[in-house]
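Before any comments, here is the structure.
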Amino acid sequence: MRLLSFIFVFLFCVVSAQKNLPLDTLKLKEAKDFFADDYGNLYIYKSKDFSLTKYDSLGKQIGQMMLTVPYKIQTVQNPLSIPMFSENGQEMKFVDQNLNDIQKIDFKQKFSFIKHAYAEDLQQIWLLDESTRRLLQYNFRNDTTINSYPFDGSFDDIIDLLVFENKVYILSKKLFRVYNLKFEKLFEAEVSNAKRFRRENEMVLIIGKNSILKFSPDQKMTTVFADPDTQIVDKNSLAFFEIKGNKVYLYTPESLQLLQKLKEAEAKKKELENELDEKGDVEKVIQDIEKLGF
């Protein structure tokens, strides 16, 4: 009876901790990447047809782009101007809240081969030029290269780039590295299934396949979200999101704390049950021995 009570309480708390968002499971099945802005809008990118579709918090479609080449969406933190880069097309574009083009920047006309691009703001882009092996600070408003820094590291395994306060953050699927602008290594750590960066004030977040890590200015890394069974994870400034079982779930930081406490309680319960089982087995052996007359 006590076990059943615990199960019911546990299930109730889990359901209370997560919110299921009303998005059609068919729309999520082929999602390659997933983003959430601070207004509760959701963005789904599909590599199958290079489409980016935007939905409101009620699951209503409010915009769609059909792209001709694959793009990497940098961030939707400012939904009025969303930057995205195409290595194949050698261009970066900015789109508005309805996913209409605002501006397109063609790198083919000016640079050799750009491996990665990071839009710092609405004026400057940081570019990793693979041919010249340099990091470039480029002002696309007046078409000038402000700074150029030599980079002698490997370009092959880089999947994302971020530059903030004279530090260069480079991400591969298995490594996270931080350099200064002289490309002297300041920090390195192993990561698993990393996908992209997200910056929140002083914090740099590493969005992975099924986890989110936080790197703080004091060079400490902590896990802020993890679920081994999830398909895709993301967060905005207020909540965490995951696609799991072709459904979208929202978690607040408070609900994540509740889930963590529940997991700890469940682990403790299992530990106690194992101890009781072992104790019961010992008592049974003692009783059997007594029956034999020893």
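The values are calculated or read from the model by the stated rules, or taken from the named source; none is laboratory data. Bear in mind the structure is a predicted one, so any value in this text is a computation, not a measurement. Cβ: placed from backbone, ideal geometry, glycine included. Neighbour counts: every protein chain shown. The area values use the complete protein model at the heavy-atom level, side chains included, leaving out ligands, DNA and RNA. Shrake-Rupley method; radii C 1.70, N 1.55, O 1.52, S 1.80 Å.
With each pseudo-label sitting 7 Å past Cα toward Cβ, what's the Val69-Phe113 distance in nm, one decimal?
Taking the simple label geometry, Val69 and Phe113 are separated by 1.3 nm.
First check a/c for region 130-280, with a ≥ b ≥ c the square roots of the eigenvalues of its C-alpha gyration tensor; if it is under 1.5, answer rounded, and if not, answer prolate when a/b is larger than b/c or oblate otherwise. Intermediate values should be presented prior to the final figure.
Working: a/c = 2.85, a/b = 2.30, b/c = 1.24.
Cα axes put region 130-280 in the prolate bin.
At a threshold of 8 angstrom on Cα-Cα distance, excluding pairs fewer than six apart, so keeping six or more, what relative contact order does region 234-276 reach in percent? Can you show the working numbers first?
On the way: 22 pairs, mean separation 9.7, N = 43.
Relative contact order comes out at 23 percent.
If each of Asn166 and Leu80 carries a label point 7 Å out from its Cα toward its Cβ, how far apart are those two points in nm?
A separation of 3.1 nm, rounded to one decimal place.
Ignoring everything except DSSP H segments at least 4 long, calculate the 222 nm mean residue ellipticity for the chain; use -39,500 (n - 2.57) per segment, divide by total residues, nearest 500. Can you show the working numbers first?
On the way: 3 runs with 59 residues, N = 294.
The helix contribution divided over the chain gives -7000 deg cm²/dmol.
Angle check, please: helix 253-291 long axis (alpha carbons) against the longest principal axis of the chain (alpha carbons), in degrees 0 to 90, nearest 10.
30
Take the alpha-carbon positions of region 49-188, form their convex hull, and give its projected area averaged over all directions (one quarter of the hull surface) in nm².
That works out to 9.3 nm², a quarter of the Cα hull's surface.
How far, in nm, would the chain grow between Asp218 and Thr252 when pulled straight, counting 0.36 nm per residue and subtracting the alpha carbon separation?
Length difference between fully extended and current span is 9.7 nm.
Using a probe of 1.4 angstrom, how much of the accessible area of the chain is carbon and sulfur, in percent?
Result for the chain: 52 percent of the exposed heavy-atom area is carbon or sulfur.
May I ask you to derive the relative contact order of the chain, considering only C-alpha pairs under 8 Å and at least 6 residues apart, and to give it as an integer percent? Please report the intermediate quantities before stating the final value.
Numbers: 551 pairs, mean separation 35.6, N = 294.
Once divided by the residue count of the chain, the mean separation gives 12 percent.
Which of these, Phe94, Phe225, Phe187, has the largest mean-square fluctuation under a Gaussian network model of the chain (Cα springs below 10 Å)?
Result: Phe187 has the largest fluctuation of those listed.
Which pairs in the list Lys72/Lys108; Lys46/Lys104; Lys173/Lys235; Lys235/Lys269 are over 29 Å apart, alpha-carbon to alpha-carbon?
On the way: Lys72/Lys108 17 Å; Lys46/Lys104 21 Å; Lys173/Lys235 19 Å; Lys235/Lys269 31 Å.
In this structure, Lys235/Lys269 exceed 29 Å between Cα atoms.
How large is the accessible surface per residue of the chain, computed with a 1.4 Å probe and reported in Å² as a whole number?
Per-residue value: 56 Å².
Rounded to the nearest 5, what % of DSSP beta bridges with both residues in the chain are antiparallel?
Working: 85 of 85 bridges.
Within the chain, antiparallel bridges account for around 100 percent of the total.
Cut-off under 13 Å on the C-alpha distance; same-chain residues fewer than 8 positions from Lys48 excluded. Which aspartates and glutamates are left, in chain and number order?
Once the sequence-local aspartates and glutamates are set aside, what remains near Lys48 is Glu30, Asp33.
Place a point 7 Å from Cα of Arg141 in the direction of its Cβ. Which residues in region 56-83 have their backbone N less than 12 Å from it?
Answer for region 56-83: none.
Provide Lys48, Lys72 ordered by accessible surface of protein heavy atoms (probe 1.4 Å), highest first.
Details: Lys48 155, Lys72 70 Å².
So, going from the largest accessible area down, we get Lys48, Lys72.
For mean projected area of the Cα convex hull in nm², which listed value, (1) 19.8; (2) 13.9; (3) 21.2, comes from the coordinates shown?
Looking at mean projected area of the Cα convex hull in nm² for this model, the match is (3).
Placing unit charges on C-beta atoms (Lys and Arg positive, Asp and Glu negative, everything else neutral), compute the dipole magnitude of the chain about its Cα centre in debye, rounded to 20. Kindly include the intermediate steps, with their values, before the conclusion.
Values: 42 positive and 44 negative charges, 120 e Å.
I would put it at about 580 debye.
Run the quick spin-label model on Leu26 and Glu200: label points 7 Å from Cα toward the beta carbon, then report their separation in nm to one decimal.
Distance between the two pseudo-spin positions: 3.5 nm.
Expected output is a single nm value to one decimal: the length gained when fully extending between Lys173 and Glu264, i.e. 0.36 nm times separation in residues minus the C-alpha distance. What is it? Write out the running numbers ahead of the final one.
Details: separation 91, 0.36 × 91 = 32.76 nm, distance 2.98 nm.
29.8 nm is the gain from fully extending Lys173 to Glu264.
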